[in-house]
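Structure first, then comments.
None of the figures in this text is laboratory data; all of them are computed from the coordinates on show. What you see is a predicted model; the values in this text were computed from it and never measured. Here the Cβ is made from the backbone with ideal geometry for all residues, glycine too, and neighbour counts use every protein chain on show.
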Amino acid sequence: MMNTAAVQGVPTVFGVRHLSPAGAWNLLQLLEEKKPRLVLVEGPSDLTDQLPHIIRQETRPPVAMMAYTKKLPIRTILYPLAEYSPEYQAIRWAFENKRECRLIDLPSGVFLAIAEARQQIDQEGEENISGAESDSDEENGESATVTVYQRLDELSGEDGHETFWERTIEHTCIPEAYLQGAREFGKQLRELTQGREQDWAETLVREAYMKRQIADAVEEGFAPEDIFVVTGSYHVQGLLDDTPPMTDQEIASLPRLEAEKTLMPYSYYRLSSRSGYGAGNRAPAYYELLWEGLTRRKPSYTAYSYLSRIAAYQRRNGNMVSSAEVIEAVRLAGALAELHGYSTPCLRDLRDAATTCMGHGNFGEIAQAVADTEIGTRIGALPDGVSRTSIQSDFYRLLADLKLDKYRSVTAQDLQLDLREKLTVKSEKSAFLDLRRSFFLHRLRVLGISFVQKQQTTQDKATWAEHWVLRWSPEAEIEIVEAALKGETVAAAASLHMKETVEAGGNIAAIAAVVEDAFCCGMPESVAYATAALQKMAVDAADVNEIAQTAFRLSTVLRYGDIRRLDSGPLLPILDQLFLRACLLLPSACLCDDGAAVVIVKGIDQLNQVALDQEQLDQERWISTLGQVAGRDDLNTRLSGFAAAILLERGKISNEQLSVEVERRLSKGVPAELGANWFAGLSMKNRYALIARMSLWESLDQYLETLDDEEFKRALVFLRRAFADFSAKEKSDIAENLGELWQVNVQQVSEMLGGALNKDEKKLLDELDDFDFSF
């Protein structure tokens, strides 16, 4: 058994902030001075084998070490590193100087188990204290650390503790001063918060484990003075006190979850505190400028670079900034620093100077330039094949094969695809490049990978064109890793996901969505599987809206089935069957209230579009069904009006027939709300054709003339809703018709009808909308 007595002698324990340029620079100076044989860094000890990949020449920070559970629900932990992270520079120094380097914190599986246990405790705690009152910081949603930082904000005389930290620590170029300053900061923070934080017990366990790693190193033969420990400043006191290291028995009793580990590229946005990362800083790209200034030994470099980059951003975007304004901003920033008693301007000084000199006193003018300069869009990179899951490797291989590498950027980029065969190229691979891209992007969409977002295309290009927006983020990498539970490749994972959706049951519309997804993904086996399941469920389908959604999806698949080079033939008999059932069920479904009618309108519209797109369907039966809905008086009048609108649009109602129906529906004997509701349904389609029919507006005018005040109020509610979606041009055309009927100035009518309502008018109409006329 290892000797678990406290370590005799004192190793160098360098406390840092995890994203501190000054910490990284001063750390390197001390490492060069002390030249330790062993460098120990805070981080999951089982991820030590990832360190050689982190410092490879092809690796470009920021990157992150990630561990994740093998079983659902997926839990992950991330350890991000920027170039100016003290931990990254310590690791790099150790490898370049051929010194041993290890991570010494709890293994990742233990961290994951602790996170799971904490979540369970939190859930139980919420149930136990529900409705109870408490004055503690924890139960009021504020940690002790947050409270201390709030107090520090008040006492610092700055705009926050971030500025206080930068002025007092980040501008320090004396290694011993940084070491002592960071240590004292962590010590006092610890004294103010220890025992009051929810994770205090976890903190003690971590420190006991790290002390054990140091003790093991001493027992291996490393003298304490040859050991250099890099940890958060909060933990320095815990590693130097006289509490004993963790024992073998205690290590064995730690909870663990089986975990996989990998490396992943990261981004500056995710490193920033604005993204929610607790150990982040508010301006990762600005801190990179601080790092570059330190490494160049030019304190003024940061100020010049910051202000010059804001000016360059403004110029690129058409906002002129002169050299004189940049020079004045540099001078002003220096003056602001001196007013606070410092020789070097901090971020607050630089931003204030930029706002004054380049934004003309208005921060809004330079807000985007500031975000670009302070946070930036940098994203890291890893060498091919480095510590990736099989699905990650497949993703990156496909990204390169499909020539989509350039789209792996934090800036959103449009991608237009033409799925038709390219006849001007020689190879089949090139001829169908966009089609293969489409398959790949749809598979990512099905898996919920946020890297891809599909956009709407114009109707005339609907079958052969696709518009995507691609934007890379670290979250996308995490989502890809999580998809590893479903398959070793992107295609396999998408296939299993669709199979699970089908097996989950649901309704025929959900299964039809899987059929459509499978076609879009170019996966015939999944198409066959989902089609078989759909065929079984379609026999018992009885909901018109569900049938309409399903038929619409199947029709869409049939429209682009050929261009995707998949056999859509098996879907034809299913669509025929569903369309017939819809025709039989629709009239009875229209016996409903106005709330249900809103949904059924969409179903009727979808079924009509299916009939238009699929000529092989029973068109006569569909027209007959619409005729029944349009002609019956016992159905919802909005649906009857909408059916009439479709028949009119398809040329199945003559002007004479329409006039007769208008006179019948808008007659004195018909209740006002029924007549107005029918007109609302009629006006939902083919509006320009309706506007052009003066006879229609004459009938409506005559109808309204016959109503008494109470009936007019009823009608007004429905007519107001009917015209709510009309465009300004359509309303103007209606005004012209009414002007002719009323023999008044057309422009006056247009202004009267198109003008904004005053408060009293709007209030009156709103009251009418909410009034129950049945009492």
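3J(HN,Hα) along segment 252-258: 5, 7, 5, x, 9, 10, 5 Hz, from the Karplus curve 6.51 cos²θ - 1.76 cosθ + 1.60 with θ = phi - 60°, whole Hz, x for Gly and Pro.
In this calculation the C-beta distance from ARG256 to ARG297 is compared with R0 = 41 Å, giving a FRET efficiency of 0.30.
Each residue of segment 282-292 was assigned a 3J(HN,Hα) from its phi angle through the Karplus expression (A = 6.51, B = -1.76, C = 1.60, θ = phi - 60°), giving 7, 8, x, 5, 5, 5, 5, 5, 4, 4, 5 Hz with x at Gly and Pro.
Fully extending the segment from ASP418 to GLU649 would add 80.0 nm, taking 0.36 nm per residue of separation and subtracting the current Cα-Cα distance. Measuring between alpha carbons in the structure, the pairs from LYS98/LYS211; LYS70/LYS454; LYS536/LYS602 lying more than 28 angstrom apart are LYS70/LYS454.
The HN-Hα couplings worked out from phi for segment 180-194 by the Karplus form 6.51 cos²θ - 1.76 cosθ + 1.60 (θ = phi - 60°) are 5, x, 5, 5, 5, 4, x, 5, 5, 4, 5, 4, 7, 10, 4 Hz, whole numbers, x standing for Gly and Pro. Applying a DSSP loop filter and a limit of 10 other Cβ atoms within 10 Å to the trypsin sites (Lys or Arg not before Pro) in segment 197-244 leaves nothing.
The loop-placed trypsin sites (Lys or Arg not before Pro) in segment 466-567, going by DSSP, that have at most 13 neighbouring Cβ atoms within 10 Å of their Cβ come out as ARG565. Residues whose amide H falls under 5 Å from that of ARG196, counting only those 5 or more places apart or on a different chain, are absent, with hydrogens built in the peptide plane. A simple spin-label model places the labels of GLU500 and ASP384 3.1 nm from each other, with each point 7 Å out along Cα-to-Cβ.
Projecting label points 7 angstrom from Cα along Cα→Cβ for SER450 and ARG621 puts them 4.7 nm apart. Taking 0.36 nm per residue of separation and subtracting the current Cα-Cα distance, fully stretching the chain between GLU220 and ILE74 would add 48.8 nm. Around the amide H of ASP105, modelled in the peptide plane, lie the amide H atoms of GLY43, SER45, all under 5 Å away and 5 or more residues distant in sequence or on another chain. A cut-off of 5 Å between modelled amide H atoms, ignoring neighbours fewer than 5 places along the same chain, links VAL63 with LEU81, TYR266.
Taking a ≥ b ≥ c as the square roots of the eigenvalues of the Cα gyration tensor, segment 207-287 is classed as prolate, since a/c reaches at least 1.5 and a/b is larger than b/c.
With R₀ fixed at 25 Å, the C-beta to C-beta distance from ASP634 to LYS536 puts the FRET efficiency at about 0.10.
Cross-link pairs exceeding 27 Å between alpha carbons, from the set LYS35/LYS298; LYS34/LYS298; LYS422/LYS499: LYS422/LYS499.
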